Every structure is written in structure tokens, then in C-alpha cells.
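The values are calculated or read from the model by the stated rules, or taken from the named source; none is laboratory data. Just so you know, these numbers come straight off a predicted model, no measurement behind them. Note: ideal-geometry Cβ built from the backbone for every residue, glycine included; neighbour counts use all protein chains shown.
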Amino acid sequence: MQSKTNEAALESTIEKHLTGTCLEELREQHVSLNIANERAELYRAGNGYFIGAPEDFNARYAIDELRFWNFLQSTQKDELAKLQKQRDWKLKILERLDRMIKKYGILRLFRKGLDVDDAHFTLLYPLPLASSSKTVKVNFESNQFSSTRQLRYSLTNTGEEIDMVLFINGLPFATMELKNHWTGQNAKVHGQNQYKAKRDINQPLLNFGRCIVHFAVDTDEVYMTTRLNGASTYFLPFNLGQREPIFGKGNPPNPFGHKTSYLWDEILNRNSVANIIQHFVRFDGKDTEPLNKKTLFFPRYHQLDVVRKIIAHASKKGVNQTYLIQHSAGSGKSNSITWAAYQLIETYPESDAIPGSKGISNPLFDSVIVVTDRRLLDKQLRENIKEFSEVKNIVAPAYSSADLKSALETGKKIIITTIQKFPFIVDGIADLSDKRFAVIIDEAHSSQSGTAAGKMNQAMGNTSEANEEDDEKDPQDRILEAMRSRKMRGNASYLAFTATPKNNTLERFGVKQADGKHKPFHLYSMKQAIEEGFILDVLANYTTYKSYYEIEKSIQENPLFDTVKAQKKLRTYVEQNKQTIATKADIILEHFVTKLVNTKKLKGKAKAIVATQSIESAINYYFALKTLVEERGNPFRVAIAFSGMKKIKGIEYTEDSINDFPANLDTAKPADPGYISDKIARYVDMDEYRILVVANKYLTGYDQPKLTAMYVDKKLQGVIAVQALSRLNRSSDKLGKKTEDLFILDFYNTTEDIKKSFDPFYTATSLSKATDINVLHDLKSNLDDVGVYEWSEVEDFVEKYFKGVNAQEISPIIDIAAERFNAALELDDKSKADYKIKAKHFVKIYGQMAFIMPYEVVAWEKLFWFLKFLIPKLIIVDAEKDALDGLLNSVDLSTYGLERVKLNTSIGLDATETEVDPQNPNPRGAHGGDSDKDELDLIIKSFNERWFQGWEATPDEQRAKFVNLAQKMKEHNDFKEKYADNSDVQNRDIAFSKIFDDVMGKQRKNELDLYRLVSQDEGFKIAMQDTIKRMLRI
């Protein structure tokens, strides 16, 4: 007898696992369904499902009537008796059930039950908690789960069948179309197509909200959707993902059966289904909106998996745990966080003996604290909790330790705070040592304010450097710094969600392996997210432009400069120059209008973001783009985002003063679903605004699915590069957004730079080994020997600081040590720089390692706090910096051009697991050795040789050619009428291009090199045309 490899074989495999038997076996044994379902031992042999009969299905009301009435009669006969006196009591119940499902969806009835007259029916007894009574546990066991094969669901085409439908108490929660690869069919194509083209969605069973989820399944893959919509139905993968070293889409081989057996083994067992319905599935939308306007969220596999693993681990291991969840950007972390937050407050310890346990009948955590800078997450948490919890007002904000205490006293279970306020919450956690906390840290986004120590520095008058250094800190570093206090370790667990873990984050939160490596607790890789279509590949269409400059000296002297530093300074100067910005702005707008606006990308809603080097550059770009848009008749608006106030040439600029945001456009209400509280993000979401200019703000943590293009004019590397470019990766099925729609134009970085930044985070990131903390002994010894401080001063400072004395009492202690460093010890500049570098290194290493060390070194702790306040007062004079600033007064920009180096390149990433090294614990010396110095002439020459290689003409020859071309254009017959005197901007541009092409064609023999550049490189041509336009305006 041969193995059965058809669809029926897969059906019977699933059915047998769920019910303990299958139709094929019952036929062979000549056993009827009724007899089989009466066998309690058989019912419990599988996953507790009954076998359903197709004839028991009522297609009009989409219920299994046998199971439905049997469940109500056996569990709630007293409630049923209230209605049975009426002649049409069954019809009354069915009509009321049907009406409520059409209005609210089946999910609400599973959770809240059904009211008919004075009777109330529970339609799903909830999964019991560890603390639940025996009655609750018995009630859950009385639920009747069932599966029915080849179910005839249609009222109009009575022969049409669905392969399998799953029910709870007669109410459907899942349908499945099954395919088998061995028959030449699969779920991705044939299973989905069956739902899209061959199933009547107008039939009750397939109406939106009537059934929670629809699966297309084969032996290799699973796909799911919550809304059937004909050919427009959007299916999502529901797969495990490949294990290392592949880390991609699909499912790994299963030594015990089909690759997709996790669906019926793990997901569809009774406990799992009840847990999903109670704690995961949710509707998104206003209460007042009709059902078909809402969105039904069913968890993706990785979201379900990570939340369940966190809860299971916490129940088993207790408090004082750390979890690093490396989930790709755009993979649904907001939902994962909200699901985890709610379920953690209902997590119970497995035993009284685990850390933090207050008995198995009490929740493990008193409160869950969510640290995020996303305002939308606050709103989303509140809305989700409304659906899951009987008690509604359990979410509250907290921005201080007093807020935290107050929130707990008023019964708040989920407390939301920001990264900026996190240090104060840490103090509150430490003070409330009798309470147990789970702290969920959302991927660190932009943050402006300083740490607690930074604020004390401000109080002592050390504002400039303290703030400057603090602003440079990565948000992950901010979190680690706030957590470094050892006293808070025992009463809190920490869960960090990030797509881009740094080495110190891995070391603090990662799981230590037997070989000493640190790995994430849970991984959903960028590679898997891209391959599954949850996010788009932002590197698939990458174009780089190389800038060409010609710089000339404006002074006769020839001073010496550090070559490398001078080259960087010159490039920054050129790239931020208004002339070059205007040239690039022209290229940006020309591309955006022709490739995105005119082609109506994303149904005419495509947007772009321009990432610039600095706030000043952003402002210059904004005005340049705005002018160009005005010249085109204002087809759309441009917006700008930056923090604070920026003064340029005596004029103060802020977001509010620059942006043109008419109040009449802002019609959204805070109560609206998905309301965007951030003003700029709200306006940019409007169709009128198409381009957003930024420096740093909005390059991380900004979710706008309509973003399709990014124009980069700043250095991007490491984590920031990944987070910034990932602003484009949000998919949008409603807008038809695809990978081929994305476009990145980079004026600054090379494709090799970007690949280097993305590679570590494409699959899995692990830490190769732990940091060697013994270097702290060496650093402290070196610092002690210089004599900047006496140890008694360190102890005096620490004692007073932690007593909370007035800043005036500790300021003199720091000032005395600073005065020794700055003057009394007569240290030379190099020694001062060396000392300050080592002091900073000590603070950084100890601050990140204090909570990992298995022992305490009190002297290190004291020196850490002393140096935190001393460092900002240590003055280093860098004569070279002043000289380099003067360099910019020594040069003029004479020519600027662009050449496209890589066009629409797809950057391939390394799919192997990436190991990052721990932070370098070795103290660095000052300045890193001697530097090469060249005269200004040589620096300018080498700079021009490096950046201006496309045109062989000398600067004088170039100027002459530009003047000659401009003159030839003025002499053209059409110049005056069609260009100079033409008020129609669009026709002017068309005329200019035609005149330019005519003149270049006539000059072709005389200017062959120039003609070749113009004809072969669109960027060079645009830059040249822009230059000539400027000359013609003079």
C-alpha cells in the first residue's frame, strides 16, 4: 500500500491530531460520528476537538447547530429555560446572534457573550489563570471545540465546499483551504487563489468578522488573512522562519512530520486558541464605525511566539531577568509590546520559590512600565486594553518617581513613560523595593533632554559641554546609563525591543551562551521581514551621486593644516554651501516630480524625505525646494522638521516660524482612530504635503507608509543608517506600495558604506565575547597618579551628592579639582587631552558594566560619580580647531558639479549571522599620534583632484566655457520671447531645455568632452543647466 500524498491526506493528518481520530479511520472501523464523539477517552486523545459533521452546519447562520445547542443545554440550561417557553425560542436566539455578529463581529460575542431578553449566554468560557478557581477551570473544559471537513458553506451553490472549518461551541473561528506540494499545488498560489477567486464572500461564513481568521495551508507554508475581499484579499505569511544560518522566510525541516505541523500542534490546540481570542485578536477602529470599516488584527507568528515565550520564561524564572528582542523595523513591534504589556500584568509564578514571587495566587508583577517616545503607542495601549480588560482605566503616564508611586496607589497596572524621563522612573523603582516591575523599552527613538546627572551638571553651571556630550548619546546608551544603579536589580525585569542592537545592549540584555557569546532572546530578522513582504527592501533601488568641486584660494598666504581634517572640513563647507544645495535641490525636485508625482506613485500620494547634514543645511534646502516648487506653480507643499531654534546670519528660525501649516487643513480630531498627535507628522500625512526636509529629527521612529523616496545629503553609518533608511520600508497594501516603488538618491555615501552599516542587522546579531572590565583598574590607577583629585575629595563629593545637598555645597569640590587640571598642575595640552579621554573612558566602561559585574568595587562606583561632574569642567585647548575654522575663510567655491556613480543599484547584504565585538576597553591616547600637514595649496589641489575628476578643463577654462555657453544661449533666436520674457514657468523650462540642447548640439565639435558628459550623465547636465540659469539671471 502506497503513502497518501493528496489534500485529503493532509486533512486527515490535521483532523487526527485535533480529534484523536479521522474520518478515514472511522469508516474502516464502521464507527459513526455520534458514537465517536461520545467517547470521552477519544475526545481527549487528540487536542480536545470533536469531529464535526457537514450536515450539522447551518449555512444561513454559519453555525454548527449540533455543537451550539448541545453546549448551551449542557452548560447554561437555566438561562436557556428562560426562553424555551416561547414558541420560536431557537429562531429568536439565532436571529439575535446573527444580528450581533453582523454589528460587532464574532470576537465580541466570544468575549462578552450574548444577551437575549432576560437571558445571558456565555459563548466561550475563558482560559483559566494560575489563580483561577476550580469552577473556572471546569467551565473551560466544558467548551466544545470541533473541526469539520468538506463543509458546504454556500446557500446559493450548495455543492461548494471548504476543506476544513474549526468551531468553538458551534461558532466558527477559522477556515482552512489545504494544498499538498506532492500534488503540484501550494498554499501561496493555489490556496490563496481558491479564496480569492472560487469562494463566495457574500455567504455568511465568509463575511468579514464572522470568522476570525482564514488559513491557506500546505505541507511547507501557512498564509493567513482576517478579511476575504475577492481578488484584493491580502494574505500574510504565518511561518516560523528559517533557523540559522539561513534566517529567511518559510519553515525549517521538521524531523517529526510536515514543516507546517506547528499550526495544528501548537497554534490550534484549545488552550492556544482561547489565549489568542482572549489576549491577542483585536478590532481597530471607532466604536461608532460599521464593522466593515474596521480592521481585524490577528498576531503574526513571531509576535505570538515572542509574547508567549516571554510570559513562560517570566513564570518560570521570576523577576530580575533581562530580554533582548531583536525584531526588524516595521515588523509590528508596537503590537508585540502592547500584547506583552497586558499579558505580563496577568503573569503568575510557577512556584513560591522563584525570585520576586508573592505566592502562586498573586501576579508576578505589580506593574508594567513601558518606556517609549512614540505617542501613538500610548494611545494604542489604551485602546487595546479597553478590549482585553474588564477594568478599563489601568493605563497611566508617569514622568517622575512621584507619578510612579501615585499611579500604583490608584491601581494603574500599565504605566507609560518616555526615554527622557526614564532616569526618574528608575529612582522610583529602586525606592519601591516591595513592588515588582516589568520594564518594556521600546526601540530607542529620538530624545532631546539629558540624564539626571546632566541636569545636576546644569545646576552647577556646566551647561555647554555636558549638554553637547549628552545630545550625542545614542538612545540605547541613555537607557543603559539610567539602569546602571545596582540597587534596582532585584525588583524589576527588563525587556528591550530593538531592530539594531549595539554591542553594549547585547551584553546587557542578551542571553549568554555556553561559549561566552551573547544572543537575542528572540529574533525576527530584517531578511525574513523583507522576504515575507512585511517590510520593503530599501536597498533595492539605490543611486549615488559623487560631488565634484573646484575650490580656489582667496588669500596669498600658505598656512599649514592637518590634511585629513582639512579635507573633511572643506567637503562639509562645499556640501553645505547654498550654491551646491540649490544644485542638489534642483536634481531632487526634478526627480521627485518626474518619477513620483507625474507617474502617480502610490495612487498619487507618494512622499519623500530629504535628510541633510545639519539644521542650517535643512533650512537652506527647505527654502531652495520651496522656491523651485513655487516656480512650478505650487503643485504641492514642502515641510521641515528640526528641534529648537536656529540662528542663521542673525535671523532666528523655528519649525513654527518656517512651516506653512494652514489651520483649515487640520480637520482631524484627537478622538479619531489613528489620530497623529505630532503636528508636523499630522500635516505631512496630508495629501498637500509631499516633501519633508530634516536634519536628525524624524530619521528614527517616524512611521509614514507613504514615504517612497529618500534624498540623502549627510553621512549615514551604523545603527543610524539602518534606522534612517528604514523610514521607507513600511509596506502599504492599500496604496499598492512595492519594493520597486522605493528610491534612494544619496549625494554623500557610497553603496559600500551603506552595505557595511546594514550587514550586522540583516540576519542575527550576536556579541562575540564579554567586555574585559579589568581595564578599569588600569584606568583608575592612571587617573589617580596625575593628582587632579584627592581621594578624600571623591568620598566627600559622593557622600554629599547622595544626601541630596544643595548644588552649591558640592560645586567647590569639583571646582578645586578642575583648577588643578586647568592650571595648577601645569599639564601640557597633550597630557590634558590624554587625561580627559581616559576619564571619559572610565565613565563609559563602568557605567555600562556596573550592572553586569558579579561583584562590587565601591571605589569604582565613587570615582564614576565624581568624574561625571568633573569632566565637563576640564578645559582642553585645541589650537588646530581654530585654525581649521579659519580655513574656510581661505577658500572660495568656484565650480560645483555632480556625476551619477551608481544608478538604481541593488545592494546585496550578507545573510550570515553577524558577530559584533565588545566595546574596546583599552584606554586611548590623545590625538592618536602625529598627523600629516600640508600647505593650503596642496590641500586644495588634492581635494580638487579627488572630487573634480569628470571634466578635464582647468578652472579658468571651465569659467570661460560657462560664459561662452551662456552668451550663445542669449543669442539664440527663441531666447528673449520664449525664455526671458515668458511668465509661464513650465513653458520657460521647456524652452530653456530646447535652447540648451540646440546650443550644445552646435558646440558639439568644439566641446566634445563637455558634450559627452552632458549627454551621458543626467546629473551633470542638470547641474550645468542650473549654473547657466544662475548666470543668465545676473
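All but one of (1) more than 21 Å from GLU630 (Cβ to Cβ); (2) aliphatic (A, V, I, L, M); (3) more than 20 Å from the chain's Cα centre (by Cα); (4) part of a loop (DSSP other than H, G, I, E, B) hold for LEU745; which doesn't?
Only one criterion is unmet by LEU745, namely (4).
Has the stretch 718-725 got at least one residue that is small (Gly, Ala, Ser), surrounded by fewer than 18 Cβ atoms within 10 Å (Cβ to Cβ), closer than 25 Å to TYR542 by Cα and not assigned by TED's automatic domain parsing to the domain that holds THR225?
Restricting attention to the stretch 718-725, the residues satisfying the condition of being small (Gly, Ala, Ser) are 718, 721, 724.
Checking which are surrounded by fewer than 18 Cβ atoms within 10 Å (Cβ to Cβ) leaves us with 718.
With closer than 25 Å to TYR542 by Cα added as a condition, the list becomes 718.
Next, only the ones that are not assigned by TED's automatic domain parsing to the domain that holds THR225 stay: 718.
Taking every residue of the stretch 718-725 in turn, at least one turns out to be small (Gly, Ala, Ser), surrounded by fewer than 18 Cβ atoms within 10 Å (Cβ to Cβ), closer than 25 Å to TYR542 by Cα and not assigned by TED's automatic domain parsing to the domain that holds THR225.
Step by step: first the residues of the stretch 193-233, then only those that are under 13 Å from ILE162 (Cβ atoms) and of a type in the set (Phe, Trp, Tyr), then the one that is surrounded by the most Cβ atoms within 10 Å (Cβ to Cβ). Which residue is that?
The residue in question is PHE215.
List the strands (runs of 3 or more DSSP E) inside the stretch 265-355, counting only whole elements, that have at least 1 residues being under 29 Å from LYS112 (Cβ atoms). Walk me through how you get there before you give the answer.
Details: elements: 282-284, 295-297, 322-327.
Filter on the stretch 265-355 gives 282-284, 295-297.
Among the residues of the stretch 672-701, write down those that are in a helix (DSSP H, G or I) and either more than 19 Å from ALA618 (Cα to Cα) or among the hydrophobic types (A, V, I, L, M, F, W, C) (or both).
Within the stretch 672-701, the subset in a helix (DSSP H, G or I) is 679-684.
Once the filter is applied, which keeps residues that are in a helix (DSSP H, G or I) and either more than 19 Å from ALA618 (Cα to Cα) or among the hydrophobic types (A, V, I, L, M, F, W, C) (or both), the stretch 672-701 yields ILE680, ALA681, ARG682, VAL684.
For the stretch 706-736, which positions are part of a loop (DSSP other than H, G, I, E, B) and either at pLDDT below 90 or under 29 Å from LEU506 (Cα atoms) (or both)?
Restricting attention to the stretch 706-736, the residues satisfying the condition of being part of a loop (DSSP other than H, G, I, E, B) are 706, 714-717, 729, 731-736.
Passing the criteria: LYS714, LYS715, LEU716, GLN717, ASN729, SER731, SER732, ASP733, LYS734, LEU735, GLY736.
Residues are listed down the side, and each one gets a yes or a no for (1) crowded, with 22+ Cβ neighbours inside 10 Å; (2) outside the structural domain of TYR125 (by TED's automatic domain parsing); (3) within 30 Å of LEU155 (Cα to Cα):
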residue	(1), (2), (3)
GLU244	no, no, no
ASN251	yes, no, no
ASN254	no, no, no
GLU266	no, no, no
LYS286	no, yes, no
ASN292	no, yes, yes
ARG308	no, yes, no
ALA312	no, yes, no
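Take LEU80 and tell me if it is modelled with pLDDT of 85 or more, surrounded by 15 or more Cβ atoms within 10 Å (Cβ to Cβ), more than 12 Å from SER147 (Cβ to Cβ) and over 45 Å from the mean Cα position of the chain (by Cα). Before the answer, list the steps.
On the way: modelled with pLDDT of 85 or more: yes; surrounded by 15 or more Cβ atoms within 10 Å (Cβ to Cβ): yes; more than 12 Å from SER147 (Cβ to Cβ): yes; over 45 Å from the mean Cα position of the chain (by Cα): yes.
So LEU80 fits the description; yes.
Could you look through the stretch 1-17, keep only residues that are at pLDDT 90 or above and of a type outside the set (Val, Ile, Thr), and pick out the one that is farthest from GLY52 (Cα to Cα)? Let's see the steps before the verdict.
First, pick out the residues of the stretch 1-17 that are at pLDDT 90 or above: 10-17.
Within this subset, residues satisfying the condition of being of a type outside the set (Val, Ile, Thr) are 10-12, 15-17.
On the way: LEU10: 17, GLU11: 13, SER12: 13, GLU15: 10, LYS16: 12, HIS17: 14 Å.
Across the stretch 1-17, the extreme among qualifying residues is LEU10.
Looking for whichever is assigned by TED's automatic domain parsing to the domain that holds SER146, closer than 18 Å to ALA53 by Cα and of a type in the set (Gly, Ala, Ser) here; the options are GLY209, GLY170, GLY184, GLY191. Which one fits?
Values: GLY209 fails: closer than 18 Å to ALA53 by Cα; GLY184 fails: closer than 18 Å to ALA53 by Cα; GLY191 fails: closer than 18 Å to ALA53 by Cα.
Answer to the selection: GLY170.
If we keep just the residues of the stretch 783-820 that are β-branched (Val, Ile, Thr) and in a loop (DSSP other than H, G, I, E, B), which is surrounded by the fewest Cβ atoms within 10 Å (Cβ to Cβ)?
Residues of the stretch 783-820 β-branched (Val, Ile, Thr): 786, 788, 794, 798, 805, 810, 813-814, 816.
Of the ones still in play, those that are also in a loop (DSSP other than H, G, I, E, B) are 788, 805.
Working: VAL788: 24, VAL805: 11.
Selected residue: VAL805.
Which residues, counting only those in the stretch 631-658, are surrounded by 11 or more Cβ atoms within 10 Å (Cβ to Cβ), more than 30 Å from SER983 (Cβ to Cβ) and not small (Gly, Ala, Ser)?
Correct list: PHE642, MET645, LYS646, ILE648, TYR653, THR654, GLU655.
Of the numbered conditions (1) at pLDDT below 90; (2) surrounded by 16 or more Cβ atoms within 10 Å (Cβ to Cβ); (3) over 13 Å from the mean Cα position of the chain (by Cα); (4) small (Gly, Ala, Ser), ALA681 fails exactly one; give the number of that condition.
ALA681 satisfies every listed condition except (1).
Mind checking whether some residue in the stretch 633-640 is over 27 Å from the mean Cα position of the chain (by Cα) and in contact (Cβ under 8 Å) with a residue 60 or more places away in the chain?
yes
Give LYS603, LYS607, LYS595 a once-over and let me know the one that is in contact (Cβ under 8 Å) with a residue 60 or more places away in the chain and within 17 Å of VAL694 (Cβ to Cβ). Reasoning before the result, please.
Values: LYS603 fails: within 17 Å of VAL694 (Cβ to Cβ); LYS595 fails: within 17 Å of VAL694 (Cβ to Cβ).
Only one candidate qualifies: LYS607.
Only one of (1) in contact (Cβ under 8 Å) with a residue 60 or more places away in the chain; (2) touching a strand residue (DSSP E or B) at 6+ places or on another chain (Cβ under 8 Å); (3) closer than 26 Å to LEU236 by Cβ fails for PRO705. Which number is that?
Against the list (1) in contact (Cβ under 8 Å) with a residue 60 or more places away in the chain; (2) touching a strand residue (DSSP E or B) at 6+ places or on another chain (Cβ under 8 Å); (3) closer than 26 Å to LEU236 by Cβ, PRO705 comes up short only on (1).
Can you run down the residue pairs with Cβ atoms below 8 Å, 6 or more apart or on separate chains, where the first is in the stretch 714-735 and farther than 13 Å from ILE609 by Cβ and the partner is in a loop (DSSP other than H, G, I, E, B) and among the aromatic types (Phe, Trp, Tyr)?
Here the result reads LYS715/TYR748; SER731/PHE534; ASP733/TYR234, each pair linking the stretch 714-735 to a residue that is in a loop (DSSP other than H, G, I, E, B) and among the aromatic types (Phe, Trp, Tyr).
In the stretch 607-617, what residues are of a type in the set (Gly, Ala, Ser), under 18 Å from ALA681 (Cα atoms) and out of contact with any Asp or Glu (no Cβ under 7 Å at 6 or more places or on another chain)? Even if it seems obvious, please write down each step before you answer.
At the first step, the residues of the stretch 607-617 found to be of a type in the set (Gly, Ala, Ser) are 608, 611, 614, 617.
Still in the running and under 18 Å from ALA681 (Cα atoms): 608, 611.
Scanning the stretch 607-617 gives a single hit, ALA608.
Consider VAL426 against the criteria (1) at pLDDT 90 or above; (2) in a helix (DSSP H, G or I): it satisfies all of them except one. Which criterion is unmet?
Of (1) at pLDDT 90 or above; (2) in a helix (DSSP H, G or I), only one is false for VAL426: (1).
Of the residues that make up the stretch 370-392, is at least one of a type in the set (Ser, Thr, Tyr) and either at pLDDT 90 or above or out of contact with any Phe, Trp or Tyr (no Cβ under 8 Å at 6 or more places or on another chain) (or both)? Lay out the reasoning, then the answer.
Here is the first cut: in the stretch 370-392, the residues of a type in the set (Ser, Thr, Tyr) are 372, 389.
Filter once more, so that each one left must be either at pLDDT 90 or above or out of contact with any Phe, Trp or Tyr (no Cβ under 8 Å at 6 or more places or on another chain) (or both): 372.
So far as the stretch 370-392 goes, yes, one or more of its residues are of a type in the set (Ser, Thr, Tyr) and either at pLDDT 90 or above or out of contact with any Phe, Trp or Tyr (no Cβ under 8 Å at 6 or more places or on another chain) (or both).
If I filter the stretch 659-668 for residues that are part of a helix (DSSP H, G or I) and crowded, with 18+ Cβ neighbours inside 10 Å, do I get at least one hit? Talk me through it step by step, then tell me what you get.
Our first condition is that a residue be part of a helix (DSSP H, G or I); within the stretch 659-668, this holds for 663-665.
Then keep just the ones that are crowded, with 18+ Cβ neighbours inside 10 Å; that gives none.
Looking for residues that are part of a helix (DSSP H, G or I) and crowded, with 18+ Cβ neighbours inside 10 Å, one finds none in the stretch 659-668, hence no.
So, in the stretch 410-423, exactly how many residues are under 24 Å from THR498 (Cβ atoms), assigned to a loop (DSSP other than H, G, I, E, B) and of a type in the set (Ser, Thr, Tyr)?
Of the stretch 410-423, the ones under 24 Å from THR498 (Cβ atoms) are 414-423.
Subset that is assigned to a loop (DSSP other than H, G, I, E, B): 418-421.
Filter once more, so that each one left must be of a type in the set (Ser, Thr, Tyr): 418.
So the count comes out to 1.
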